[in-house]
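Have a look at the structure below, then the notes.
The values are calculated or read from the model by the stated rules, or taken from the named source; none is laboratory data. Please read all numbers here as calculations on a predicted model, not as lab measurements. When we count neighbours, we look across all protein chains shown, and the Cβ atoms used for this are built from the backbone with ideal geometry, even at glycine. For the accessible areas, the whole protein counts, side chains as well, though only heavy atoms, and no ligand, DNA or RNA atoms are used. Shrake-Rupley method; radii C 1.70, N 1.55, O 1.52, S 1.80 Å.
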Amino acid sequence: MPQVAPENSGPGAGPAARSRVSPALPDPQGGLAGSPSIAVSGSPLQFILKVASRCILNCSYCYIYNKGDSTWRSRPSLMPAAVFTAAVGRIRRFCQSSGQTVAQIVFHGGEPCLAGAARLKAWCREMRDGLRGVASPHFAIQTNGTLIDAEWIEVFRDEGIRIGVSMDGPAEIHDAFRVDHQGRGSHSAVEEGLRALLDAGLSPEILSVIPLSGDGLRTYEYFRSLKIRRINFLLPDYTHETKRSAVADPRATPVADFLMPIVEKWCLGDWNETDVPLFRQIAELVLGGPSRWDQFGNGPMGIVCVEADGAIEGLDVLRVCGHGTAALGLSVLRDDFERIAIASELQGRSIFEGIPLPSACTGCPERDTCGGGYLPHRFSKERGFDNASIWCADILQLFGRMRELLSVSVAETASRQAFLRRI
């Protein structure tokens, strides 16, 4: 999912040309063919506005800048006023046509705080005015936390903006990946911004990329020591083509190794006071509930991105699959969001309907819960997206342990799902 702190365990722009892909890659449609009729009416969207296309950090794992896609280089550093106004209009039109009455608006980047607090405040007012009578905007921001000061805190409070802060744990873990452009660690600056938010009585959420080494329980306890009550762990973004550059042993399960001690502690008591959406979503799926997050379940993602130049993209993390694979050839300056379904069958289905289960998952006992895992993590040059997740073994371990802790078998999950479909 884009690196966004989702609301209520959710994941937080309009299309007409064929999907533009790198000629070095196969068509990222992943085996889907034809000109589908994709149902978009009644499908609520979360709108991610990339208001800055540059960042003051240079995180080694960043899917925007350090995974081989360089489309950011041709975009303006900050979103021009005309692009933002056009995005407001397209969001209004989509909400009118779909009947969506709440619009989740996420300010993202790059580093969105580069836009400046006064500008963001004005944009919030413009969005409210532009959607008046059609939908209520709910605002969020995903920031690296290094620019937060008293002015930003005032804007967050006044505009009711939920805050996600990207942080990977204590200094020795965080600073191994999240560095500035001179290679210096950013932990002290991020922690200072985080503490300022907490001291002001705000409730920031943490977005933490799982390191492929390190002490998971220590990381979790560090966040809890800061009085953080919502911790989002993200699986690292690799594909079947690139995972071996980070994990040499194909039998290794570094994600599960990191998370398993946290699962134990969370399930045996911490769940009541600390929200870990990754675990909560697995628990809900095991208990027969629906998927509410794009990492699992294979349902509609419901996310669209508007880049700083107005370009509309679906899942921007598809950049990890190769240069240009997230591009659609669409822009809020001329296209409505519904046109995504015409520009790319893969992106249209993934956003509005959900795509077919990978063939490799057909016999898996967790096929109806995991759903093949996160779409970018399924990619290979040979088979497109018709693969199980690169983290399949790790995911199966996590689901298996959650089943043990909740005492719910695969058969019982299926029975619960059937019951919920009928009521």
How high is the FRET efficiency from Glu221 to Ala393, r the C-beta distance, R0 35 Å, rounded to 0.05? 0.85
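Give me Rg over Rh for region 89-196, both radii from the alpha carbons and Rh done the Kirkwood way, two decimal places.
In region 89-196, Rg relative to Rh is 1.07.
Can you flag which of Lys243/Lys265; Lys121/Lys227; Lys50/Lys381; Lys50/Lys243; Lys50/Lys121 are past 19 Å Cα-Cα? Write out the running numbers ahead of the final one.
Values: Lys243/Lys265 29 Å; Lys121/Lys227 27 Å; Lys50/Lys381 28 Å; Lys50/Lys243 27 Å; Lys50/Lys121 16 Å.
From the list (Lys243/Lys265; Lys121/Lys227; Lys50/Lys381; Lys50/Lys243; Lys50/Lys121), the Cα-Cα distance tops 19 Å for Lys243/Lys265; Lys121/Lys227; Lys50/Lys381; Lys50/Lys243.
Hey, what's the per residue convex hull volume over the C-alpha atoms of region 221-316, in cubic angstrom?
Working: hull volume 16.3 nm³, N = 96.
Hull volume normalised by residue count: 170 Å³.
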Apply the Karplus parameterisation 6.51 cos²θ - 1.76 cosθ + 1.60, with θ equal to phi minus 60°, to every residue of region 274-289 and state each ³J(HN,Hα) to the nearest whole Hz, in sequence, with x for glycine and proline. 10, 8, 10, x, 4, 6, 4, 5, 4, 4, 4, 5, 4, 7, x, x
Between Arg73 and Ser359, how many nm apart are label points set 7 Å from Cα along the C-beta direction? 3.7 nm
Roughly what % of DSSP beta bridges within the chain run antiparallel, to the nearest 5? 25 percent
Compute, for Tyr61, the solvent-accessible surface of its heavy atoms (probe 1.4 Å) with the complete set of protein chains present, and express it in square angstrom to the nearest 10. 40 Å²
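How much area per residue is accessible in the chain when the probe is 1.4 Å and only protein heavy atoms are counted (Å²)? Please list the in-between numbers first.
Working: 16340 Å² over 423 residues.
With the other protein chains kept in place, the chain gives 39 Å² per residue.
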Arg157 versus Arg93, label points 7 Å from Cα toward the beta carbon: distance in nm? 3.9 nm
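What does the helix-only formula give at 222 nm for the chain: each DSSP H stretch with n ≥ 4 adding -39500 (n - 2.57), the total divided by the residues, and the result rounded to the nearest 500 deg cm²/dmol?
-9500 deg cm²/dmol
Region 133-189: which trypsin sites (Lys or Arg not before Pro) are DSSP loop and have at most 16 other beta-carbon atoms within 10 angstrom?
Of the trypsin sites (Lys or Arg not before Pro), the ones in loops of region 133-189 whose Cβ has at most 16 other Cβ atoms within 10 Å are Arg184.
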Per residue convex hull volume, Cα atoms of region 335-423, in Å³: 132 Å³
To the nearest 0.05, what FRET efficiency results for Asp249 and Ile423 with a Förster distance of 41 Å applied to their C-beta separation? 0.35
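For region 318-367, what is the per residue volume of the convex hull drawn over the alpha-carbon atoms, in cubic angstrom? Can you show the working numbers first?
Working: hull volume 4.9 nm³, N = 50.
It comes to 98 Å³ per residue, whole-number rounded.
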Nonlocal amide H pairs with Gly299, under 5 Å, H built at 1.01 Å: none
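Can you divide the C-alpha Rg of the chain by 2.2 N^0.38 Å and report the result to two decimal places? All intermediate terms of the calculation are to be shown ahead of the outcome.
Working: Rg = 20.3 Å, N = 423, 2.2 N^0.38 = 21.9 Å.
It is 0.93.
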Computed label-point distance, nm, for sites Met260 and Ala39 using a 7 Å Cα→Cβ extension: 4.1 nm
Starting from 0.36 nm per residue, how many nanometres of slack lie between Glu412 and Arg334 once their C-alpha separation is accounted for? 23.2 nm
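With the cut-off at 13 Å, report for region 173-236 the share of all Cα pairs above it, as a whole percent. Kindly include the intermediate steps, with their values, before the conclusion.
Working: 1348 of 2016 pairs.
Roughly 67 percent, once rounded to a whole number.
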With a Förster distance of 35 angstrom and the Cβ-Cβ distance between Arg383 and Asp270, calculated FRET efficiency to the nearest 0.05 equals 0.35
After finding the eigenvalues of the alpha carbon gyration tensor for region 262-418, what semi-axes result from the square roots of 5 times each, listed largest first in whole Å? 32, 17, 14
Shape verdict for region 145-288, please, from the Cα gyration tensor: rounded (a/c under 1.5), prolate (a/b greater than b/c) or oblate. oblate
Would you give the gap between the C-alpha center of region 81-155 and the C-alpha center of region 158-221, rounded to a whole Å? 23 Å
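Considering only protein heavy atoms and a probe of 1.4 Å, how much of the accessible area of the chain is carbon and sulfur, as a whole percent?
Values: 8420 of 16340 Å².
Taking all protein chains in place, the chain shows 52 percent carbon and sulfur surface.
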Going by average Cβ neighbours within 10 Å, how do the peptides 194-206, 138-150 rank, with the highest at the top? 138-150, 194-206
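Sorted by packing (mean other beta-carbon atoms within 10 Å per residue), highest first, where do 220-231, 345-356, 245-256 land?
Values: 220-231: 17.2, 345-356: 22.7, 245-256: 13.5.
Listed from highest to lowest mean packing, they are 345-356, 220-231, 245-256.
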